[in-house]
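Contents: one structure, followed by commentary.
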Amino acid sequence: MVGGGRGAFIGAVHRMAAAIDGQIELVCGAFSSDPQVSLLSGKDLFLPAERCYASYTQMMEEEAKLPLGERMDFVSIVTPNHLHFTPAMLALEHGFHVVCDKPLCLTLDEAIQLREKVRTTGLIFALTHNYTGYPMVKQARHLVSGGALGKIRRVVIEYAQGWLSDDLESTGHKQASWRTDPALAGIAGAMGDIGTHAENLCAYITGLQVASVCADLHTHISGRRLDDDGNVLLRFENDARGILTVSQVAAGEENNLRIKIYGEYGGLEWTQMEPNTLIVRWNDKPTQIYRTGGPGLCAQAEAHTRLPSGHPEGYLEAFANIYRNVAHCIQARLNHETVDEIYLDFPSADDGVRGMAFIEAVVQSYKEKSWIESERSKTKNI
């Protein structure tokens, strides 16, 4: 693991998710840019001192010297955005597979370089857009791709949080501080942090690419350097229309990610805060409700469900589905076997490039006060 030491948030989430299925063991890490904190963090996790490294560069070099079976098999990168590109490139250069937190990189140019490295090496690369891991999201994708809703006409996706309603960054709050710093987070605030999740979820379920955007961004907290609220009109490649709205100053909201997709024959609705339910409404028949673990689910939804119906599965299990799928893919490589296609279902570097292109298009649209077409030349073949 790179990052995720004492005081970090997402590192612990990754570790719990990776451990759920018993397929992955944490064996080493460079948990902090401070060597002492890295050592202490590793000690907290009961790792031997010699596998707690002072830097990720040292970790890549030393682990690569170990024989196969003793060295790490893949790297999990759980750092702020500005520290995704370099450790990911180093890992690939040393022959290690990679799981990386989102967004893919700090800039679109970095993302394109990283995607090219993944393609050149042929190594496994997963991006933790964890909301794609929910069984009911996979059921929604199955319904859309199978044509049950007909041609998609409209998408409405909202991601509302309220945790940045106050000036937390001025209090030294670690998560607020880096997420509102352009040098660490990139050119977008809320739109980069949670807007990329919204865009990825939309693309995953619908299979559609955004053709152009018209964006309005705003910063409500005085002195804050990045957007904390925004709305984007979407035009899709199939001529569908959509609205994407995000906010981290929606007072009282927790983590309210909600998507509605409408086709010719019906529409569906899924919300992250009630993730085990998928609602499908039809023009000519009663509303249909799918439940995680219930009857009538597609193979993908069933394969990513662990418990019988009525036993809620949530955020950690969705995260774990990405890690489990990666583990199966790596195990197949090690055993020179062909992996079941159902385990190839996780976000990739291609998804990361598309997400970065979306962020840059949104920011450009806001600055120019106009519709901006997506950069197809940079995101093609994904």
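Any read-out appearing in this document is the output of simple, stated calculations on the displayed coordinates, not a laboratory observation. Given the structure is predicted, the values throughout are model-derived calculations rather than measurements. Methodologically, a virtual Cβ is constructed for each residue, glycine included, from the backbone with ideal geometry; neighbour enumeration extends over all protein chains shown.
Structure data summary
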read-out: Computed [θ] at 222 nm, deg cm²/dmol, the chain (DSSP H ≥ 4; -39,500 (n - 2.57); rounded to nearest 500); value: -10500 deg cm²/dmol
read-out: Residue-by-residue Karplus 3J(HN,Hα) for segment 304-320, coefficients 6.51, -1.76, 1.60, Hz, glycine and proline x; value: 10, 10, 9, 10, x, 4, x, 10, x, 10, x, 4, 5, 5, 5, 4, 4
read-out: Rounded to the nearest 20 debye, dipole of the chain from Cβ charges on Lys, Arg, Asp, Glu; value: 660 debye
read-out: Top of 82, 311, 94 by mean-square fluctuation, Gaussian network on the chain, Cα under 10 Å; value: 311
read-out: Cβ-based exposure ranking for 9, 31, in which fewest neighbours within 10 Å come first; value: 9, 31
read-out: Cut-off 14 Å between beta-carbons: net charge of the residues surrounding residue 117, Lys and Arg +1, Asp and Glu -1; value: -3
read-out: Over 24 Å (Cα to Cα) - which of 102/369; 174/260; 151/260; 117/367 fall in this group; value: 102/369; 174/260; 117/367
read-out: Inter-part distance where segment 1-26 and segment 276-301 are each reduced to a Cα centre, Å; value: 32 Å
read-out: Neighbourhood net charge (14 Å Cβ-Cβ; Lys/Arg +1, Asp/Glu -1) for residue 53; value: -1
read-out: Rg/Rh (Cα only; Kirkwood hydrodynamic radius) as it applies to segment 203-326; value: 1.01
read-out: Most fluctuating residue given options 211, 251, 361, as computed from a GNM of the chain linking Cα atoms under 10 Å; value: 251
read-out: Compactness relative to 2.2 N^0.38 Å, alpha carbon Rg of segment 10-123; value: 1.04
read-out: With Cα atoms, 0 to 90° folded angle of helix 56-65 axis to the chain main axis; value: 70 degrees
read-out: Descending semi-axes in whole angstrom, ellipsoid equivalent of the chain, from the Cα gyration tensor; value: 32, 26, 20
read-out: Alpha carbon convex hull of segment 109-192, volume per residue in cubic angstrom; value: 186 Å³
read-out: Formal net charge of residues neighbouring residue 264 (Cβ-Cβ distance under 12 Å; K, R +1; D, E -1); value: +2
read-out: Most mobile listed residue (222, 76, 212) in the chain, GNM with C-alpha springs under 10 Å; value: 222
read-out: Amide H within-cut-off set for residue 212, under 5 Å, with H built and near neighbours excluded; value: 235, 374
read-out: Antiparallel DSSP beta bridges within the chain, percent to nearest 5; value: 70 percent
read-out: Interchain or long-range residues, amide H under 5 Å from residue 77's placed H; value: 2, 99, 100, 101
read-out: Cα gyration tensor shape of segment 305-374, rounded if a/c is under 1.5, else prolate or oblate by comparing a/b with b/c; value: oblate
read-out: The chain: angle of helix 135-145 to the longest principal axis, Cα-based, in degrees nearest 10; value: 50 degrees
